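Engineer: This structure is in structure tokens; I'll ask about it shortly.
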Amino acid sequence: MVKITISGRVQGVGFRPFVYNLAKKHNIKGFVTNVEKGVLIQALADEQNLDDFYDLILAQKPQSSQITATQKTTILSTEIFEDFVIKPTAPNLLIDIPLTPDFAICQSCSNEMLDTENPRYYYPFTTCTQCGPRYSITKKFPFERINNSIDEFIMCESCSQEYKNSDDIRFHSQTNSCPNCGITLKFTTNSGEIISESNTEIFKIIAEKLALGNIIALKNTAGYLLICDATNEEAVKELRVRKRRPTKPFAVLFKDTNTISNYLYLNNLGKSTLSSTEAPIVILNSRNTLDLAVNQIAPNLETIGAMIPNSGTLQLVTANFDKPIIATSANFHGSPIASSEKEVTKTLKEIADYFLHNSLNVLHPQDDSVMKFSEKYSKKIILRRSRGFAPNVLDFKIPKCNEKILCFGSDLKNTITLLPNNNCYTSEYIGDLENYDTYLRYEKTIENYHKIFNFEPEIVLFDAHPKYISSQLAESIVHSENEIYYQKIQHHKAHFAAILGEKNLWKSEEKILGIIWDGIGYGDDEQIWGGEFFEYQNNAINRLGHLDYYPWVLGDKMSKNPKISALSISDSNPLVRNYFDDNEWAIYTKTIQNPRIETSSMGRLFDAVGFILGFHQPISFEGEAAIYLEKLAQKYYSTPENKLIDYLENIDMAANCIPTKSLFEIIINHHQKGISVGEIAANFHYTLIKCIEKVASTNKIRTLAFSGGVFQNSVLVDMIYEFLSNNFEVHLHENFSPNDENISFGQLNYYLNIKN
Ligand SMILES: [Zn+2]
Ligand SMILES: [Zn+2]
């Protein structure tokens, strides 16, 4: 008899029914069940048969599964098996495997849903063992019906038959349901009046309402979305006004990838990413505006975030409405994505004209994940890691550790990371904690993890910023429980640790240069850091250099007004005088003469350069001026005959510091000389790349690791590959976003590896 243990993403993906059928086919006796580490199989047959069985499990595993480890041992057993069975999971099992994320609807379920003859015709919750919601409806693990919110629906006779029939694609499908026994839909006005509860009718009405320019809040598998006709300029404009979102781009839902190709440049990589089970939003370059209201969808940009339906609900919407549709998380500007009917009818009735509710409880709301690919080298850049990916951190080698650890992350683009067992979990993007609703979601997320893993932290890690809300919450937990050990971790060192951890670089014999560039973080010297060079060797991180300090003016105001960064870095250059009134000028110039705090923020330098090159208004979402600059640079850089110049070629970079003011002066000069903004923007990016090269060469370092929000910039990413990857080994994030979403993961890595 053999005992086989299979670990990885093996629960909620049809693994047990798959093993059952394989065993039956090969005349093997025994059982399969869910255990702490994944799936356990005990099998009895002759040796050759068992070997084949094992090989076939690995070779033919269910499509949605991911195996991380397997073990096969021969055991002696006196137990008698007459058959092969799926054993129910033992009660109160703690789990030690990745959680199963939501999967986009599969082709076969989708075909059934659109087939007039099928009993599941127009039933949007048509799912099978390979598709449908998982994490978003999970109360606890293992993934069994009783442990998730679909348990509120009792399977009808026909669904039970499918569940029990080993030849059926819904054999042991935990989310099985149909129109007779399952989830119901309700289409209402924004005052709650029911318009229809018939599935076949509702989607026709939705199409009519969209055509009239209405905005609809629609409940998708992981939370509500706001949708409207993406070709109707007035409707999209109205959505912006109601959502208080002046310029941040909206994502667009297209029927399928062929339709996307009519509007946007889509290569095979983009196509396969959009069609994957994670079904993220992918940002693509515009090809043909056609009927799209582009000026309202993505003002001043030439890209659009595109998605295809990831659920039956969205598929039925696009099947009835033959135009692209805006699909954006349902919330007020800055609040987390909403997921309960009660919540949305209260908070969103001023935004949505109509609501599409359903009766399935979403327990873990998640936004859609967002990513893009750099233009020249097609490097993946994750901008938001959420549905489909979170909370699993796969392929991460955790050093031996018996402590239960909770990491509180950063205040902007917050996530939390925990180590409750031998797996590491990083939550989905939660948001900016200064928004009270987001803060509540943050607390709730921590509480949910306590429940799923029966987890009490012994170690608490948080950002060194004394004023961060996340740090204050962490400290309050530490002080109420004196058994808890805690550590404050500097923001940019956490970023560096995140990329070292993601790429498993801790054991590197050679020195590694960390290039950590972002907006702001609290530095060890109590100044605001953000343009940092570190070196890593032998489990220690040292700061090598940074962007030369310049005055930090009025905190938050500086982050929102690129003109203030320009004023600060240019030492009150008369060129920027016109953009300030007398009063402002008096206050700001005085602060700059006697700054209390200084900064090395790369994000603010991008803002300042963006301002000089034409971005004059306050920003309405984080990174807006930097995105403007990236777009200018991209055009110039994409034209092969254009030459790039290193602005600092003849300037000495003493002490590994980038001379911020000299660089900025050169940029102003070139602008005054009438050199095109695109050329200056591209040269600015190129100069930064050359600065990295100089620091690396001066310090004789051959391995470079990048992190921080600045590396969401695809021009920089491409330039790293074009100009640095030949002479250096370069590492950029692939499974995490480079922005502050990776801070909590970095905090964990720092604690586990750094001995300062
Ligand atoms: Zn399916
Ligand atoms: Zn049913």
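The values are calculated or read from the model by the stated rules, or taken from the named source; none is laboratory data. Quick caveat, the model's predicted, so the values are computed rather than measured. Here the Cβ is made from the backbone with ideal geometry for all residues, glycine too, and neighbour counts use every protein chain on show. Each accessible area value is taken on the protein alone, full model and side chains, heavy atoms only, with ligands, DNA and RNA left out. Shrake-Rupley method; radii C 1.70, N 1.55, O 1.52, S 1.80 Å.
Engineer: Please determine, by comparing only the residues of the range 125-159 that are among the hydroxyl-bearing types (S, T, Y) and in contact with an Asp or Glu (Cβ under 9 Å, 6 or more places away or on another chain), which one is farthest from ligand 2 (Cβ to nearest atom).
Structural biologist: Among residues in the range 125-159 that are among the hydroxyl-bearing types (S, T, Y) and in contact with an Asp or Glu (Cβ under 9 Å, 6 or more places away or on another chain), the one farthest from ligand 2 (Cβ to nearest atom) is Y135.
Engineer: Quick check on this structure: which one of I541, I484, I477, I564 is of a type in the set (V, I, T) and either touching a Leu at 6+ places or on another chain (Cβ under 8 Å) or under 20 Å from V609 (Cβ atoms) (or both)?
Structural biologist: That would be I564, the only listed residue that is of a type in the set (V, I, T) and either touching a Leu at 6+ places or on another chain (Cβ under 8 Å) or under 20 Å from V609 (Cβ atoms) (or both).
Engineer: Still on this structure, please answer the following. Mind counting the residues in the range 36-59 that are surrounded by fewer than 21 Cβ atoms within 10 Å (Cβ to Cβ), within 19 Å of I75 (Cα to Cα) and not small (G, A, S)?
Structural biologist: 13
Engineer: Quick check on the range 102-110. Is at least one of its residues within 28 Å of the chain's Cα centre (by Cα) and closer than 22 Å to V39 by Cα?
Structural biologist: yes
Engineer: Provide a single number: the residues in the range 205-226 that are without any contact (Cβ under 8 Å) to a residue 60 or more places away in the chain and open to solvent by less than 30 Å² (accessible area, probe 1.4 Å).
Structural biologist: Qualifying residue count for the region: 2.
Engineer: What number of residues within the range 160-170 are open to solvent by 40 Å² or more (accessible area, probe 1.4 Å) and within 14 Å of ligand 2 (Cβ to nearest atom)?
Structural biologist: 5
Engineer: Next up: For residues in the range 399-412 being in contact with a strand residue (DSSP E or B) (Cβ under 8 Å, 6 or more places away or on another chain) and open to solvent by less than 50 Å² (accessible area, probe 1.4 Å), which is modelled with the lowest pLDDT?
Structural biologist: Taking the candidates together, the pick is C401.
Engineer: Mind listing whichever residues of the range 108-130 are open to solvent by 30 Å² or more (accessible area, probe 1.4 Å) and within 8 Å of ligand 1 (Cβ to nearest atom)?
Structural biologist: If the condition is that a residue be open to solvent by 30 Å² or more (accessible area, probe 1.4 Å) and within 8 Å of ligand 1 (Cβ to nearest atom), then S108, Q130 are the ones that fit.
This table checks each residue for (1) within 22 Å of A319 (Cα to Cα); (2) part of a loop (DSSP other than H, G, I, E, B).
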site	(1), (2)
N214	yes, yes
Y224	yes, no
L239	no, no
T259	yes, no
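Engineer: Let me ask something additional. Determine the pairs where a residue that is closer than 13 Å to I4 by Cα, located within the range 37-59, has a partner that is in a helix (DSSP H, G or I) and of a type in the set (K, R) with Cβ atoms under 8 Å apart, the partner being 6 or more residues away or on another chain.
Structural biologist: Every condition considered, the pairs that remain are V39/R16.
Engineer: Condition first: open to solvent by less than 30 Å² (accessible area, probe 1.4 Å) and within 16 Å of ligand 2 (Cβ to nearest atom). Now tell me which residues in the range 176-198 satisfy that.
Structural biologist: Scanning the range 176-198 gives N176, S177, C178, C181, G182, I183, L185.
Engineer: How many residues does the range 137-183 hold that are more than 16 Å from ligand 1 (Cβ to nearest atom) and aliphatic (A, V, I, L, M)?
Structural biologist: Total meeting the criteria: 3.
Engineer: A further question on this structure: Pick out the one residue from L605, L629 that is within 15 Å of P299 (Cα to Cα), open to solvent by less than 60 Å² (accessible area, probe 1.4 Å), in a helix (DSSP H, G or I) and in contact with a Phe, Trp or Tyr (Cβ under 8 Å, 6 or more places away or on another chain).
Structural biologist: One residue alone meets the criteria, L629.
Engineer: Just one of E475, E443, E447 is among the charged types (D, E, K, R), farther than 30 Å from K507 by Cβ, surrounded by fewer than 20 Cβ atoms within 10 Å (Cβ to Cβ) and under 20 Å from the mean Cα position of the chain (by Cα); which is it?
Structural biologist: Answer to the selection: E443.
Engineer: For the range 1-116, give me every one of the helices (runs of 4 or more DSSP H) that falls completely inside it and has 1 or more residues that are within 30 Å of F389 (Cβ to Cβ) and among the small types (G, A, S).
Structural biologist: Hits in the range 1-116: 47-60, 107-113.
Engineer: Output the qualifying pairs, or none if there are none: Cβ atoms under 6 angstrom, residues six or more apart or on different chains, first residue in the range 79-108 and touching a residue at least 12 places away in the same chain (Cβ under 8 Å), second residue open to solvent by 30 Å² or more (accessible area, probe 1.4 Å) and within 16 Å of ligand 1 (Cβ to nearest atom).
Structural biologist: Here the result reads F103/T277; A104/T277; C106/Q130, each pair linking the range 79-108 to a residue that is open to solvent by 30 Å² or more (accessible area, probe 1.4 Å) and within 16 Å of ligand 1 (Cβ to nearest atom).
Engineer: Within the range 683-702, which residues are open to solvent by less than 10 Å² (accessible area, probe 1.4 Å) and either closer than 24 Å to K503 by Cα or charged (D, E, K, R) (or both)?
Structural biologist: Of everything in the range 683-702, those that are open to solvent by less than 10 Å² (accessible area, probe 1.4 Å) and either closer than 24 Å to K503 by Cα or charged (D, E, K, R) (or both) turn out to be L688, I689, C691, I692, V695, A696, I701.
Engineer: Please name all residue pairs, on different chains or six or more residues apart, with Cβ atoms under 6 Å, provided the first residue is in the range 178-204 and is under 17 Å from K346 (Cβ atoms) and in a strand (DSSP E or B) and the second residue is of a type in the set (G, A, S) and within 16 Å of ligand 1 (Cβ to nearest atom).
Structural biologist: none
Engineer: Mind telling me which of the residues L253, L239 ends up being surrounded by 19 or more Cβ atoms within 10 Å (Cβ to Cβ), modelled with pLDDT of 95 or more and more than 30 Å from V13 (Cβ to Cβ)?
Structural biologist: L239
Engineer: Looking only at the range 87-107, which residues are closer than 20 Å to Y163 by Cβ and either open to solvent by less than 30 Å² (accessible area, probe 1.4 Å) or within 10 Å of ligand 1 (Cβ to nearest atom) (or both)?
Structural biologist: If the condition is that a residue be closer than 20 Å to Y163 by Cβ and either open to solvent by less than 30 Å² (accessible area, probe 1.4 Å) or within 10 Å of ligand 1 (Cβ to nearest atom) (or both), then T89, T100, F103, I105, C106 are the ones that fit.
Engineer: Starting from the range 446-464, take each residue that is at negative phi and list its partners that are open to solvent by 10 Å² or more (accessible area, probe 1.4 Å) and aromatic (F, W, Y), counting only C-beta distances under 6 angstrom and pairs at least six apart or across chains.
Structural biologist: Close Cβ pairs satisfying both conditions: I459/Y485; V460/Y486; L461/Y751; A464/Y522.
Engineer: If S173 meets every condition in (1) within 21 Å of V32 (Cβ to Cβ); (2) within 16 Å of ligand 2 (Cβ to nearest atom); (3) of a type outside the set (K, R); (4) outside any loop (DSSP other than H, G, I, E, B) apart from one, which number is that one?
Structural biologist: (4)
Engineer: I need a count of the residues in the range 119-170 that are part of a loop (DSSP other than H, G, I, E, B) and over 20 Å from F389 (Cβ atoms).
Structural biologist: Within the range 119-170, residues that are part of a loop (DSSP other than H, G, I, E, B) and over 20 Å from F389 (Cβ atoms) number 23.
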